[in-house]
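Here's the structure we're looking at; comments come further down.
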Amino acid sequence: MKILGLLGGVSWVSTIDYYKYINTLINKKTNGKEYAECIIYSVNYAEIKRRNAAEDFDGTYKIVADACKHLKNSGANGIVLCANTIHMFADELEHKLDLPVISIAIATADAIQKQGLKKVALLGTKFTMEMDFIKDKIKAQNIEVIIPDDEDKVFIHETIAGELGRGEIVPATKQRYLTIIEKMKNEGAEGIILGCTEIPLLIQQADVDIPVFDTTYLHAEAAVNFAMRD
């Protein structure tokens, strides 16, 4: 089994889910016999938020790249960036590290394609919603991606950083997210991408009557497939 290197802490809340999902999936696939071999490097989320807010993406990249080098030097055979937003660096990191970086975007696009959907809504940080590093990989599979309006984007971004990234679940926030999802449905979305690894803490499939794509789980599943592949 390959050793997974998890770049966590972005946020620590969803990193827990990654660790849980990866271990439970491997255990299930091996009929209860095995668990994951992995290394976690947890970065300071506050420093990432400060640099991203200032659009100092070079500074964010250095933090992430240095952490990934530690994971590689510690024996990781593949990198799992435990956040959607950090995937803005995925392609460059894979090139510079000469190590596979398991893509959250491709894992999500594959899941959407399996359900035969042609138009989906993407919820996430403003960077994930506005930039193309996730959307392009989904569009490459002939799937249209739409995002909320500016007011809703600000609300989603601020509650990810201010509430969900701290593990805080606020009922009024959940209701607003459901209202936003309803708007996306009215604009033709056939499915909803929970494109921030904290959003599944708030929204689950049972809350929505169209397919929901939990990127945390899908990414963990892709990481397990990589780890167990001969």
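The table for this structure:
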item: Residues that are open to solvent by less than 50 Å² (accessible area, probe 1.4 Å), more than 11 Å from Tyr217 (Cβ to Cβ) and touching a residue at least 12 places away in the same chain (Cβ under 8 Å), drawn from the range 18-27; result: Asn23, Ile26
item: Residues of the range 194-220 satisfying the condition of being of a type in the set (Ser, Thr, Tyr) and open to solvent by 10 Å² or more (accessible area, probe 1.4 Å); result: Tyr217
item: Which listed residue is at pLDDT 95 or above, within 20 Å of Tyr45 (Cα to Cα) and more than 14 Å from the chain's Cα centre (by Cα), from Ile156, Ile86, Ile146; result: Ile156
item: Criterion: acidic (Asp, Glu), surrounded by 15 or more Cβ atoms within 10 Å (Cβ to Cβ), touching a helix residue (DSSP H, G or I) at 6+ places or on another chain (Cβ under 8 Å) and within 27 Å of Phe89 (Cα to Cα) - qualifying residue of Glu163, Glu130; result: Glu163
item: Qualifying positions in the range 1-17 - more than 16 Å from Tyr45 (Cα to Cα) and buried (at least 23 other Cβ atoms within 10 Å of the Cβ); result: Leu4, Gly5
item: Answer residue from the range 45-73, given it is of a type in the set (S, T, N, Q) and within 17 Å of the chain's Cα centre (by Cα) and is surrounded by the most Cβ atoms within 10 Å (Cβ to Cβ) among those; result: Thr60
item: Where a residue in the range 200-221 is at pLDDT below 95 and its partner, wherever it lies, is among the small types (Gly, Ala, Ser) and surrounded by fewer than 17 Cβ atoms within 10 Å (Cβ to Cβ), with Cβ under 8 Å and at least six apart; result: Leu201/Gly167
item: Residue within the range 25-32 that is outside any strand (DSSP E or B), over 20 Å from the mean Cα position of the chain (by Cα) and of a type in the set (Val, Ile, Thr) present; result: yes
item: Some residue of the range 153-160 being more than 26 Å from Asn52 (Cβ to Cβ) and open to solvent by 10 Å² or more (accessible area, probe 1.4 Å); result: no
item: Any hit, the range 133-152, residues being under 26 Å from Ser103 (Cα atoms), surrounded by 15 or more Cβ atoms within 10 Å (Cβ to Cβ) and of a type in the set (Lys, Arg); result: yes
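Yes/no per residue for (1) among the basic types (Lys, Arg); (2) in contact with a strand residue (DSSP E or B) (Cβ under 9 Å, 6 or more places away or on another chain); (3) on the phi < 0 side of the Ramachandran plot:
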position: Leu4; (1), (2), (3): no, yes, yes
position: Ser11; (1), (2), (3): no, no, yes
position: Lys20; (1), (2), (3): yes, no, yes
position: Thr24; (1), (2), (3): no, no, yes
position: Thr30; (1), (2), (3): no, no, yes
position: Cys38; (1), (2), (3): no, yes, yes
position: Glu47; (1), (2), (3): no, no, yes
position: Asp56; (1), (2), (3): no, no, yes
position: Ile63; (1), (2), (3): no, no, yes
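Quick grid of which residues meet (1) open to solvent by 50 Å² or more (accessible area, probe 1.4 Å); (2) out of contact with any Ser or Thr (no Cβ under 9 Å at 6 or more places or on another chain); (3) part of a helix (DSSP H, G or I):
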position: Gly75; (1), (2), (3): no, yes, no
position: Val80; (1), (2), (3): no, yes, no
position: Ile86; (1), (2), (3): no, no, yes
position: Leu93; (1), (2), (3): no, yes, yes
position: Lys96; (1), (2), (3): yes, yes, yes
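The values are calculated or read from the model by the stated rules, or taken from the named source; none is laboratory data. The structure displayed is predicted, hence computed values, not measured ones. Virtual Cβ from ideal backbone geometry, glycine too; neighbours counted across all protein chains shown. For the accessible areas, the whole protein counts, side chains as well, though only heavy atoms, and no ligand, DNA or RNA atoms are used. Shrake-Rupley method; radii C 1.70, N 1.55, O 1.52, S 1.80 Å.
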